[in-house]
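Single-structure report; data block below.
Readers should treat all values here as calculations from the given coordinates under stated rules, not as data from a laboratory. Worth saying up front: this structure is predicted, and the values here are computed from it rather than measured. Positions of Cβ are backbone-derived with ideal geometry, glycine not excepted, and every protein chain shown enters the neighbour counts.
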Ligand code: SF4
């Protein structure tokens, strides 16, 4: 499994072992980050994007040293065999690191199911990982014309749509989610985004309201929420 994944990641990553994965933090138990599973969350260091609402700014620096050595993480997971169902790779952006496939392989070898939280900025890497994942939470930050402003990375919207295509084709269980407040894009654009995602084949969408510090209160009208919900087989609203 490892060989085929690292091959897809490119030759420069083919010798990157799990011990090189820089983990910035660990949540030992969650019941909400991997639906239906009791899981640990590994927060991977580094992200190439700079969303204004990022809740993990301490994880953004890709050059920061690991807070937890992989050996320590592995030993922790080994002790949790039979107690946890799965492991979530979150971030930061896990697919930034070439050591991710090796770490994923070790997690699977311990008998855990595996989930990934990603912004989809590396579509080919995600495609290579998908056969070895049980669930993916994919962020779609906004409409294509707003995406680059939200992430601070030109072209990020197209990358996320390419990743979405790989995810939907794979058949892997997923949640597509969008963090929103009116300062990012307006409610009409939010509806247009829902239309776009539904047309692309998304059936599971979560809308996560986000308040900015000092920002004005806002609330989507119930009729608007109903209209958004009607576009998807599964719709979740996470209030700010
Ligand atoms: S993609 Fe995620 S981790 Fe990266 S800056 Fe945006 S919110 Fe933060």
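Numbers for the structure displayed
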| read-out | value |
| --- | --- |
| Peptide ranges 20-29, 88-97 listed from the most packed, as the mean C-beta count within 10 angstrom indicates | 88-97, 20-29 |
| 0 to 90° range, to nearest 10: angle between helix 187-200 axis and the chain longest Cα axis | 50 |
| Linear extension gain, residue 212 paired with residue 144, 0.36 nm per residue minus alpha-carbon span | 22.3 nm |
| Shape metrics for the stretch 174-240, restricted to C-alpha atoms - Rg then Dmax, Å | 11.6, 36 |
| Additional length obtainable on full extension of the chain from residue 19 to residue 221, 0.36 nm per residue less Cα span | 67.9 nm |
| Contact order relative to length of the stretch 139-222, as percent, for alpha carbon pairs under 8 angstrom and 6 or more apart | 32 |
| Percent RCO, i.e. relative contact order, over the stretch 14-57, from Cα pairs under 8 Å lying at least 6 residues apart | 33 |
| Label-point separation in nm, residue 75 to residue 237, each point 7 Å along Cα→Cβ | 4.8 |
| Stokes-Einstein D (µm²/s) once Rh is taken as the Kirkwood radius of the chain over alpha-carbon pairs, at 4 °C in 1.567 mPa s | 70 |
| Degrees separating the helix 156-170 axis from the principal Cα axis of the chain, which is the longest one | 70 |
| The chain: relative contact order in percent, alpha carbon pairs under 8 Å with at least 6 residues between | 16 |
| Geometric extent, Cα atoms of the stretch 15-155 - Rg, Dmax (angstrom) | 14.6, 47 |
| Theoretical FRET efficiency, 1/(1+(r/R0)^6), r = Cβ-Cβ of residue 26 and residue 173, R0 25 Å, to 0.05 | 0.60 |
| Net lengthening on full extension, residue 50/residue 83 (0.36 nm per residue, minus Cα-Cα) | 8.3 nm |
| Inter-centroid distance (Cα atoms) of the stretch 194-217 relative to the stretch 124-161, Å | 14 |
| Helix-only mean residue ellipticity at 222 nm for the chain, each DSSP H run of n ≥ 4 adding -39500 (n - 2.57), per residue, nearest 500 | -10000 deg cm²/dmol |
